[in-house]
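Any read-out appearing in this document is the output of simple, stated calculations on the displayed coordinates, not a laboratory observation. Since we're looking at a predicted model, the values are computed, not measured. Ideal geometry is used to build each Cβ from the backbone, glycine not excepted, and the neighbour counts take in all protein chains shown.
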Amino acid sequence: MTCFSRPRGGWCGVLCALACASAVAQTPPPPLPAEPAASAPVSMSARKVYEQARSQLLQIRTVLKGRASQTSVGSGFIVSPQGHIVTNFHVVSEVALEPATHDLVYVTADGREARLHILMLDVLHDLALLKVADAKEDAKSFDALAFRPAKQALSQGERMYSLGNPLDVGFAVIEGNYNGLVERSFYPQIFFSGSLSAGMSGGPALDQEGRVIGVNVARRVDGEQVSFLVPGTFASALLEAGRNAPPMKGPAHAEITRQLMAHQAALTERFIAQGWKSATHPRYRVPVPPDRFMRCWGSTEQSKTGGLDFERSDCVMDTRIFVGAFTTGALSVRHESYDGSKLGTLRFAARYSQSFRNESFSRLRREHMTKPQCHEDFIDRDGLPMRAVVCLRAYKKLPQLYDVSVLVATLDQPQAGVQGRFDAQGVSFANAMKLSQHYLDAYGLLKPEAAQ
């Protein structure tokens with residue numbers, strides 16, 4: 001039986017236990033050899049890596065202020081003799097966003113505890129830099145993990161060791177391999193073939209010499225041993241940028257907004273510059289992005305009862321920016337091609353219109369965003385009449401950022417057509433308009449020779 005859970009404080013769901021029962025063999029097993037076979041030599045075993053890093057490995061706890069009750073747990077590691085600590089932003093997000101009600105503490109492998117300050121955040125790579133807040137602890141000199149030099153590139157299949165405190169059951173080391181960078185990720189991430197669990201977020205991934213090469217961040221729950229690490233170069237850069245920074249005061253919404261503004265500017269520029277795929281429909285120019293930092297999937301459904309036939313394309317980004325109670329900073333594009341020749345004109349028109357009306361614009365609750373403001377119009381794109389709706393919602397605690405949704409429906413055929421949707425999350429007003437126009441301009445009728 002396979003079960004899934006989502007422990008509090010984890011970034012993604014976790015694959016629990018896989019229990020397997022096997023039949024008892026009818027014949028007795030062969031006798032054990034007198035001596036175990038020798039294993040292949042390695043430069044450093046997982047046990048040695050763990051023992052070497054044990055004193056630098058931490059559990060990071062978020063606790064209610066004035067109470068000892070923890071609300072989430074993750075992992076972290078010491079990166080300087082002065083007591084600087086690296087972890088994930090999502091591990092400390094409650095404290096960063098609600099400092100009046102939450103505190104941070106670390107717990108060492110041998111049970112020592114101390115309070116922590118947040119010095120700097122890198123929400124785009126899901127990182128945070130912390131420092132010991134206790135004066136006695138702050139005066140000490142700490143053992144620190146070293147970063148592997150960026151010039152020493154990782155090799156495909158190189159052994160890696162991920163450390164952390166999975167599910168709050170104790171410190172552990174997980175062996176795996178380096179499998180290159182994740183394809184189509186907007187920001188670089190390492191594909192780690194090891195089984196990360198909730199609570200390991202923010203822990204280090206080390207090479208066989210005990211040097212940091214990545215930071216645990218997430219895993220896929222629909223596969224086995226498909227996990228992801230933030231490359232160590234981003235953590236090293238955060239340490240250098242924030243080494244002498246003062247503790248952050250108050251909620252971090254302004255700093256998060258600043259970083260998201262930089263992200264949306266880069267995302268908009270790259271998305272528009274890449275253009276659209278060609279030959280996406282036999283009759284129309286339909287906007288479908290290249291598979292560069294988005295994944296596109298197609299499906300088809302043929303009615304067996306004389307109903308509506310349609311084909312669908314969905315293009316989404318794997319990269320999403322975690323900002324607390326939700327994620328943002330992503331784009332998606334979808335279109336559906338409808339064939340209602342089996343229905344007739346009136347029934348097709350009713351079904352086609354109903355499909356357009358079924359779209360929703362309430363991705364997040366009103367505590368996070370304003371009510372959608374929508375504008376509907378009928379437009380013409382190179383002789384192609386279309387119905388278009390553009391809706392905008394503003395983030396309440398992330399000023400200057402919006403979600404925009406664009407719906408279109410072609411209107412040139414009585415029994416067929418295409419409906420499309422474009423969504424951009426966490427963009428400026430100017431870029432929301434620019435992206436919407438870019439999407440609408442991509443529609444049109446193919447020239448007769450191109451349609452043949």
Give me the extension gain from ALA265 to ALA150: residue separation times 0.36 nm, minus the current Cα-Cα distance, reported in nm with one decimal. 38.7 nm
Working from the alpha-carbon coordinates of the stretch 43-250, get Rg over Rh, Rh being the Kirkwood radius. 0.94
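Applying a 10 Å radius around every beta-carbon, put 366-372, 169-175, 317-323 in order of their mean neighbour count, most first. Kindly include the intermediate steps, with their values, before the conclusion.
Values: 366-372: 13.6, 169-175: 16.6, 317-323: 20.1.
Top of the packing list down: 317-323, 169-175, 366-372.
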Give me the base-10 log of I(q)/I(0) for the stretch 346-452 at each q in 0.14 Å⁻¹, Debye formula, one uniform scatterer per Cα, rounded to two decimals. -0.62
Residue-normalised 222 nm signal for the chain, counting each DSSP H run of n ≥ 4 as -39,500 (n - 2.57), nearest 500 deg cm²/dmol, is -5500 deg cm²/dmol
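Kirkwood-based Rg over Rh for the chain (C-alpha set), two decimals?
Numbers: Rg = 26.2 Å, Rh = 24.8 Å.
Rg/Rh: 1.06.
With charges set only on the Cβ (+1 for Lys and Arg, -1 for Asp and Glu), what does the dipole of the chain come to about its Cα centre, in debye to the nearest 20? Walk me through the intermediate numbers first.
Values: 49 positive and 43 negative charges, 154 e Å.
Computed charge dipole of the chain: roughly 740 debye.
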Which residues in the stretch 409-442 place their backbone N less than 14 Å from a point set 7 Å from the Cα of ASN358 along the Cα-to-Cβ direction? 419-420
Dividing the alpha-carbon Rg of the stretch 159-315 by 2.2 N^0.38 Å yields what? 1.41
Take each of the peptides 235-247, 210-222, 281-293, 375-387, average the number of other beta-carbon atoms within 10 Å over its residues, and list them starting from the highest. 210-222, 281-293, 235-247, 375-387
Residues with amide H under 5 Å of GLY83's amide H, sequence separation 5 or more or different chain, H placed in the peptide plane at 1.01 Å from N; which? PHE142
How big is the gap, in Å, between the Cα center of the stretch 254-275 and the Cα center of the stretch 323-349? 25
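Between ALA279 and ARG67, what's the calculated FRET efficiency when r is the beta-carbon distance and R0 is 60 Å? Round to 0.05. Provide the component values of the computation, followed by the final result.
Details: r = 61 Å, r/R0 = 1.02.
It comes to 0.45.
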So how far, in whole Å, is the C-alpha centre of the stretch 163-199 from the one of the stretch 298-315? 38
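How much length would be gained if the chain were fully extended between THR370 and LYS48, taking 0.36 nm per residue of separation minus their Cα-Cα distance, in nm to one decimal? Mind dumping the intermediate values first?
Numbers: separation 322, 0.36 × 322 = 115.92 nm, distance 5.33 nm.
Gain on extension, THR370 to LYS48, equals 110.6 nm.
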ASP168 paired with SER55, simple spin-label distance in nm, labels 7 Å along Cα-to-beta-carbon: 2.9
If I model a spin label at LEU346 and TRP297 as a point 7 Å from the Cα along the Cα→Cβ vector, what separation in nanometres do I get? 3.9
Given the options LEU238, VAL92, VAL217, identify the residue whose Cα lies farthest towards the positive end of the charge dipole of the chain (+1 on Cβ of Lys, Arg; -1 on Cβ of Asp, Glu). VAL92
When the Karplus curve 6.51 cos²θ - 1.76 cosθ + 1.60 is applied with θ = phi - 60°, which whole-Hz ³J(HN,Hα) does each residue of the stretch 350-366 get, with x for Gly and Pro? 5, 5, 5, 5, 5, 4, 5, 6, 6, 5, 10, 10, 10, 5, 10, 5, 5
On a straight-distance basis, which lysines could pair with LYS304 in a cross-link, Cα separation under 16 angstrom, same-chain partners fewer than 8 positions away excluded? LYS342
Amide H contacts of ASN177 (H built 1.01 Å from N, under 5 Å, at least 5 apart or other chain): MET160, SER193, GLY194
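In square nanometres, what is the average projected area of the Cα convex hull of the stretch 257-451? Please report the intermediate quantities before stating the final value.
Values: hull surface 46.2 nm².
Convex hull of Cα atoms, orientation-averaged projection: 11.6 nm².
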Computed about the Cα centre, the charge dipole of the stretch 43-250 from +1 Lys/Arg and -1 Asp/Glu charges at the Cβ has a magnitude in debye, to the nearest 20, of 260
Step through the residues of the stretch 83-96 one at a time and calculate ³J(HN,Hα) from phi using the Karplus curve (6.51 cos²θ - 1.76 cosθ + 1.60, θ = phi - 60°), rounding each to whole Hz and writing x for Gly and Pro. x, 6, 10, 10, 8, 7, 4, 5, 6, 10, 4, 4, 6, 5
What is the spin-label model distance, in nm, from ASP222 to PHE378 if the labels are put 7 Å beyond Cα along the C-beta direction? 4.0
Apply the Karplus parameterisation 6.51 cos²θ - 1.76 cosθ + 1.60, with θ equal to phi minus 60°, to every residue of the stretch 263-272 and state each ³J(HN,Hα) to the nearest whole Hz, in sequence, with x for glycine and proline. 4, 5, 5, 5, 5, 4, 4, 5, 5, 5
Formal net charge of residues neighbouring PHE378 (Cβ-Cβ distance under 14 Å; K, R +1; D, E -1): -2
Which pairs break 30 Å Cα to Cα here: LYS48/LYS131; LYS277/LYS434; LYS65/LYS397; LYS277/LYS397? LYS277/LYS397
